[in-house]
Amino acid sequence: MIYKLILFQRQINIILRRARILKIFRKFTKVNNPVHKKNITVNTTKRAEKGSRRFKIIRFCIFLSGLSVFAQLYLFQPLLPMVAGHFKTSVGDSSLLVSSTTAGMAAGLFFFAFRADSFPRKELMVFSLILSGVLTVVSAWIPSLSLLIAIGAVKGFILSGVSAVALAYLTEEVQLSAVALAISTYLSGNTIGGMSGRISATLLAGEFGWRNAVLMIGIESLILGLIFSKFFPESKFFNPQKTDYHLKIKQMKRILSDSYMLRLYGAAFLLMGSFVSVYNYLSFRLETAPFSLNHFFIAFIFLMYIFGVFGTMITSRLSSRFSRKDILKVSLLLMLTGLLLLISENIGIVIFGLGLFTLSFFAAHTMASQMTALHTKEGKSSTTSIYWLFYYFGSSLLGSGTGYVLHSTSWPVFIIILSAAIIFCFSLIWQNKSLKID
């Protein structure tokens with residue numbers, strides 16, 4: 001009996017030792033097994049890597065989003081002469097179709113400066129792209145100019161949902177080494193969308209009328225939104241969070257009390273206002289004597305946006321060798337030169353001047369936006385949001401105001417007023433002498 005008890009105790013000890021060994025082994029493998037390691041380091045290994053399928057899908061979809069947003073944002077810009085004739089209204093009144101949309105965009109960016117992080121990234125972008133496409137389609141049947149302007153303002157507000165979170169999504173979901181490539185793809189979509197939207201609107205309107213042109217671009221934008229909704233990956237590294245209004249307001253007050261930033265915001269207002277004014281009303285100029293160009297040729301004037309891509313690339317390289325402030329000042333002087341060449345009645349000089357003006361604008365805008373982002377160490381999202389706010393307000397207010405000037409005066413007076421705006425912009429940048437980034 002005693003022997004059996006001793007044997008039973010030995011068996012129990014063996015079982016306990018085996019259990020301890022198994023427990024230690026499991027603990028060891030949980031730490032060192034690659035499968036478990038992958039779960040522990042999910043925040044670094046699962047970000048979209050350059051060349052991966054997820055990264056390619058993100059790039060493709062983010063390009064489509066930029067294409068859709070900017071094709072719709074400036075859809076009516078080349079159609080203003082036709083719209084003005086259809087509704088029998090002035091140049092300034094018809095320009096409100098563009099200004100209302102950019103004003104809506106500005107208001108939306110201000111709203112999302114506070115609330116963007118309260119919504120899931122993909123859901124906000126899908127909502128913006130699809131609903132804006134629907135509104136563009138509806139715009140083709142609106143019988144009243146005032147209602148068309150109101151719909152444009154609502155559409156601009158909705159489109160801002162994409163611009164407000166696109167860059168944030170890319171920095172959250174893409175590996176750091178591939179973020180620059182992803183962002184450049186998004187910005188390329190913006191530029192190509194703005195250019196192709198203007199060109200296709202002009203060509204379609206010339207063949208089928210401006211309402212059918214609006215309808216076709218609206219359908220195209222709606223299709224792009226549906227493709228985006230189907231393939232764009234959900235966020236893995238972001239969760240919606242409650243807005244801290246007290247912190248946001250505190251940041252806004254600090255930013256708006258900085259004279260350096262206020263001058264850059266003023267520059268953004270004047271730069272974009274001047275740029276949009278030229279592209280808003282150049283079509284009117286080219287349709288009349290001494291040019292009397294047809295819609296087909298005028299459509300390809302918007303290919304000058306390609307020079308904007310070169311302007312961005314050139315200044316990005318020069319910024320590593322020269323002061324950003326100096327690059328911005330030279331860009332403004334070249335922009336002024338291109339603007340003055342637009343007074344000419346020689347089409348070759350006008351095309352050259354427009355190319356120089358466009359290249360210089362994008363160069364100046366690139367430098368101003370970089371200086372804005374680099375000046376502050378905290379609250380960068382609020383700082384850049386206010387920059388874009390002034391940028392689009394310039395497009396809306398100056399873009400429409402100069403239309404009334406052109407209607408009541410002449411093209412040379414219009415150009416002189418814009419030249420004064422560029423000179424004032426130059427003086428603002430000149431006053432920012434003690435730059436912290438140079």
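Here is a list: LEU318, LEU359, LEU303. Which entry is of a type in the set (A, V, I, L, M), at pLDDT 90 or above and over 30 Å from ASP117 (Cα atoms)?
LEU359
Are any residues in the stretch 229-262 under 23 Å from LEU170 (Cβ atoms) and without any contact (Cβ under 8 Å) to a residue 24 or more places away in the chain, and if so, which ones?
Taking the stretch 229-262 as the starting set, the residues that turn out to be under 23 Å from LEU170 (Cβ atoms) are 229-241, 243, 248, 251.
Result: LYS230, ASN239.
Residue by residue through the stretch 72-96, note down the ones that are of a type outside the set (S, T, N, Q) and closer than 22 Å to ILE130 by Cβ.
Just the residues of the stretch 72-96 that are of a type outside the set (S, T, N, Q), to begin with: 73-76, 78-88, 91-93, 96.
Across the stretch 72-96, the qualifying residues are LEU73, TYR74, LEU75, PHE76.
ALA180: out of contact with any Cys (no Cβ under 8 Å at 6 or more places or on another chain) and modelled with pLDDT under 90, yes or no?
Against the criterion (out of contact with any Cys (no Cβ under 8 Å at 6 or more places or on another chain) and modelled with pLDDT under 90), ALA180 qualifies.
Can you pull out the residues in the stretch 104-118 that are of a type in the set (A, V, I, L, M) and open to solvent by 30 Å² or more (accessible area, probe 1.4 Å)? Full working, then the answer.
So the first thing to find is which residues in the stretch 104-118 are of a type in the set (A, V, I, L, M), and the list is 105-107, 109, 113, 116.
Within the stretch 104-118, just ALA107 meets the criteria.
Filter the stretch 308-329 for residues that are open to solvent by 20 Å² or more (accessible area, probe 1.4 Å), of a type in the set (S, T, N, Q) and either within 29 Å of PHE291 (Cβ to Cβ) or part of a helix (DSSP H, G or I) (or both) and give the result.
Correct list: THR312, SER316.
For the stretch 330-376, give me each residue that is open to solvent by 40 Å² or more (accessible area, probe 1.4 Å), more than 16 Å from PHE310 (Cα to Cα) and touching a residue at least 24 places away in the same chain (Cβ under 8 Å).
Matches in the stretch 330-376: LEU333, LEU340, ILE343, GLU345, ILE347, ILE351, GLN370, LEU374.
Kindly indicate whether any position in the stretch 263-273 is free of Cβ contacts under 8 Å to residues at least 60 places away in the same chain and open to solvent by 50 Å² or more (accessible area, probe 1.4 Å). Steps first, answer last, please.
Applying the first criterion (free of Cβ contacts under 8 Å to residues at least 60 places away in the same chain) to the stretch 263-273 yields none.
No - not one qualifying residue is present in the stretch 263-273.
Going by the structure shown, is ASN190 in a helix (DSSP H, G or I) and open to solvent by less than 30 Å² (accessible area, probe 1.4 Å)?
Against the criterion (in a helix (DSSP H, G or I) and open to solvent by less than 30 Å² (accessible area, probe 1.4 Å)), ASN190 qualifies.
Can you confirm whether the stretch 119-129 contains a residue that is touching a residue at least 40 places away in the same chain (Cβ under 8 Å), in a helix (DSSP H, G or I) and open to solvent by 40 Å² or more (accessible area, probe 1.4 Å)?
No, every residue in the stretch 119-129 fails to be touching a residue at least 40 places away in the same chain (Cβ under 8 Å), in a helix (DSSP H, G or I) and open to solvent by 40 Å² or more (accessible area, probe 1.4 Å).
Having 2 or more residues that are of a type in the set (Lys, Arg) is the bar; report the helices (runs of 4 or more DSSP H) wholly within the stretch 218-304 that clear it. Full working, then the answer.
Values: elements: 245-256, 259-287, 295-299.
Where helices (runs of 4 or more DSSP H) fall fully within the stretch 218-304 and carry at least 2 residues being of a type in the set (Lys, Arg), they are 245-256, 259-287.
Looking at the stretch 301-321 only, could you name the residues that are farther than 13 Å from ILE192 by Cβ, touching a helix residue (DSSP H, G or I) at 6+ places or on another chain (Cβ under 9 Å) and of a type in the set (Gly, Ala, Ser)?
GLY311, SER316, SER319
Considering only residues of the stretch 73-95 that are at pLDDT 90 or above and within 14 Å of SER396 (Cβ to Cβ), which is surrounded by the fewest Cβ atoms within 10 Å (Cβ to Cβ)?
LEU73
Pick from GLY161, GLY194, GLY218: which is at pLDDT 95 or above and not β-branched (Val, Ile, Thr)? Write out each step before concluding.
On the way: GLY161 fails: at pLDDT 95 or above; GLY194 fails: at pLDDT 95 or above.
Residue meeting the stated conditions: GLY218.
The values are calculated or read from the model by the stated rules, or taken from the named source; none is laboratory data. Being a predicted model, the structure only gives us computed values, none of them experimental. Positions of Cβ are generated from backbone atoms using ideal geometry, with glycine treated the same way; all protein chains shown enter the neighbour counts. Just so you know, the surface numbers come from the protein's heavy atoms only, side chains and all, with ligands and any DNA or RNA stripped out. Shrake-Rupley method; radii C 1.70, N 1.55, O 1.52, S 1.80 Å.
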